[in-house]
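Enquirer: One structure, as structure tokens, below. Some questions next.
The values are calculated or read from the model by the stated rules, or taken from the named source; none is laboratory data. Note that this is a predicted model, so its numbers are computed, not measured. As a convention, Cβ positions derive from the backbone with ideal geometry for all residues, glycine included, and neighbour counts pool all protein chains shown. Ligands, DNA and RNA are stripped out before the accessible areas are found, and what is left, the full protein with its side chains, is counted by its heavy atoms. Shrake-Rupley method; radii C 1.70, N 1.55, O 1.52, S 1.80 Å.
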Amino acid sequence: MSEDAPGTGAGPGSNADEPPTRGRDDRVGTVFLVGSGPGDPDLLTVKAKRLIESADVVLHDKLPGPEILGEIPEPKREDVGKRAGGEWTPQEYTNRRMVELAREGNRVVRLKGGDPFVFGRGGEEAEHLADEGIPFEVVPGVTSAIAGPAVAGIPVTHRDHASSVSFVTGHEDPTKEESAVDWDALAATGGTIVVLMGVGKLPAYTAALRDAGLDGDTPVALVERATWPDTRVATGTLDTIVDARDEAGIEPPAVTVIGDVAATRDRVVTFLENAGSAPVQSASEEQEDDESAGGDGA
């Protein structure tokens, strides 16, 4: 069924983006769980852009990026974001707010960075909306787990280096008694390991991978704010990446790439440019530039 067919969804005259009724109350609005991609407005999907523009209210994280958020009129924008080590909004509040707004008849966009179902709590929010009888739709986004490395010149798979990729969260629910991430199994699997939200715990999981038998010379890259105007990249190995992170001042949000593919960046970075951002450099390259300019960096 075409999503653009007139009348699709709740019956005659309903909006094309409304999901099927299943006996819904037509006075209740719809919630759209929308992925905004890694941050570059040009990487929004056409549907995401259309929904943001037509929404009554946009409940957003901090991760969609300043350019995307800046295009949303302030009166219909509500910040329900979370930031490591900073201010945060309890998930319970976000869940309650989505339901409140929908029951008032609003079209609500719940805007998330990347893809809503890749470590974005989209699954939890979908379950909550279903439990409350609120119609919703999922609008996938370009996930930063793939786009982040890509814009830095790092493919997560490569015929010569990696035929598999594992996506891991570096920031689990703190109420868990133990981690659900099996670093021993990941080290044994091979291929590429991509860690999201893993800047703060970088020393812990790089040590765990070395203890599990992964070579200390394994290439690693950190990509901060991928596709944003202030993108930064730090590269190194399992043994050196923590120092490279600190030298470059890498902060969340960032993606960690572990595996041979991380080294392919060195072969393309000289020619690498991405729309909306300057060519990115590793911490070691920035240091060389500063030294050649007299060390002031000014």
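Enquirer: What about Asp230, is it open to solvent by 30 Å² or more (accessible area, probe 1.4 Å), modelled with pLDDT under 95 and part of a loop (DSSP other than H, G, I, E, B)?
Expert: yes
Enquirer: A further question on this structure: Count, please, the residues in region 173-208 that happen to be modelled with pLDDT of 90 or more and open to solvent by 60 Å² or more (accessible area, probe 1.4 Å).
Expert: 8
Enquirer: Would it be correct to say that Val109 is open to solvent by less than 70 Å² (accessible area, probe 1.4 Å), of a type in the set (A, V, I, L, M, F, W, C) and at pLDDT 95 or above?
Expert: Against the criterion (open to solvent by less than 70 Å² (accessible area, probe 1.4 Å), of a type in the set (A, V, I, L, M, F, W, C) and at pLDDT 95 or above), Val109 qualifies.
Enquirer: A follow-up question, please. What's the number of the only condition in (1) outside the structural domain of Leu44 (by the TED database); (2) part of a helix (DSSP H, G or I); (3) of a type outside the set (Asp, Glu); (4) open to solvent by 10 Å² or more (accessible area, probe 1.4 Å) that Pro149 fails to meet?
Expert: Unmet condition: (4).
Enquirer: Identify the residue in region 43-70 that is of a type in the set (D, E, K, R) and modelled with pLDDT of 95 or more and, among all such residues, is surrounded by the most Cβ atoms within 10 Å (Cβ to Cβ).
Expert: Lys47
Enquirer: Need the failing condition index for Ile241 against (1) open to solvent by 30 Å² or more (accessible area, probe 1.4 Å); (2) more than 20 Å from the chain's Cα centre (by Cα); (3) modelled with pLDDT of 95 or more, just the number.
Expert: Looking at each condition in turn, Ile241 falls short on (1).
Enquirer: Taking the options Asp184, Asp211, Asp230, name whichever one is under 19 Å from the mean Cα position of the chain (by Cα) and among the acidic types (Asp, Glu).
Expert: Asp230
Enquirer: Next up: Can you tell me which of Gly276, Gly213 is at pLDDT below 95 and not assigned by the TED database to the domain that holds Gly39? Walk me through it before giving the result.
Expert: Values: Gly213 fails: at pLDDT below 95.
Going through Gly276, Gly213 in turn, the sole match is Gly276.
Enquirer: Continuing with this model, one more query. Give me the residue from region 233-260 that is aliphatic (A, V, I, L, M) and assigned to a loop (DSSP other than H, G, I, E, B) and, out of that set, farthest from Ile146 (Cα to Cα).
Expert: Restricting to residues being aliphatic (A, V, I, L, M) and assigned to a loop (DSSP other than H, G, I, E, B), the top hit is Leu238.
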